[in-house]
Amino acid sequence: MSFKKLSTIYKIVAFTEAKRSNDINAIAEKTGFSQSHVSNTLRGRRNNTTIVNTAYRMVKDRSTNLQKLAALTA
């Protein structure tokens, strides 16, 4: 079985679509980085794969409004 590596940009976009109000704080606590560094990383201003991967894992199973709308129209 082979796995496809997801791009950093894809992960950031997925996080941006499904983020909630306290997610930055939770990621900062989990990774040990400051909230401002986490925020800058998830806005694309800094590079940190640990933060991006943690953020993506946090939101990957959440349904977004766009997905809900697509399900209604399909």
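Overview of values
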item	result
Computed [θ] at 222 nm, helices only, for the chain once each DSSP H run of length n ≥ 4 contributes -39500 (n - 2.57)	-19000 deg cm²/dmol
For the chain, size of Cβ-based charge dipole, Lys and Arg +1, Asp and Glu -1, in debye	160 debye
Highest-first arrangement of 35-47, 58-70, where packing means the average Cβ count within 10 Å	35-47, 58-70
Rounded percent of accessible protein surface that carbon and sulfur make up, the chain, 1.4 Å probe	50 percent
Segment residue 25-residue 13, extension gain: residue separation times 0.36 nm, minus the distance between their alpha carbons	2.5 nm
Total charge dipole magnitude, the stretch 1-43, about the Cα centre, Cβ charges on Lys, Arg, Asp, Glu only, Debye to nearest 20	180 debye
Mean separation of Cα contacts under 8 Å, 6 or more apart, over the residue count of the chain: relative contact order %	38 percent
Label-point separation, residue 43 to residue 60 (7 Å along Cα→Cβ), nm	2.7 nm
Cα lying deepest toward the dipole's positive end in the chain, options 21, 34, 50, charges on Cβ	50
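The values are calculated or read from the model by the stated rules, or taken from the named source; none is laboratory data. These numbers were taken from a predicted model, which means no experiment stands behind them. Counting neighbours? That spans all protein chains shown, and the Cβs are built from the backbone with ideal geometry, glycine included. For the accessible areas, the whole protein counts, side chains as well, though only heavy atoms, and no ligand, DNA or RNA atoms are used. Shrake-Rupley method; radii C 1.70, N 1.55, O 1.52, S 1.80 Å.
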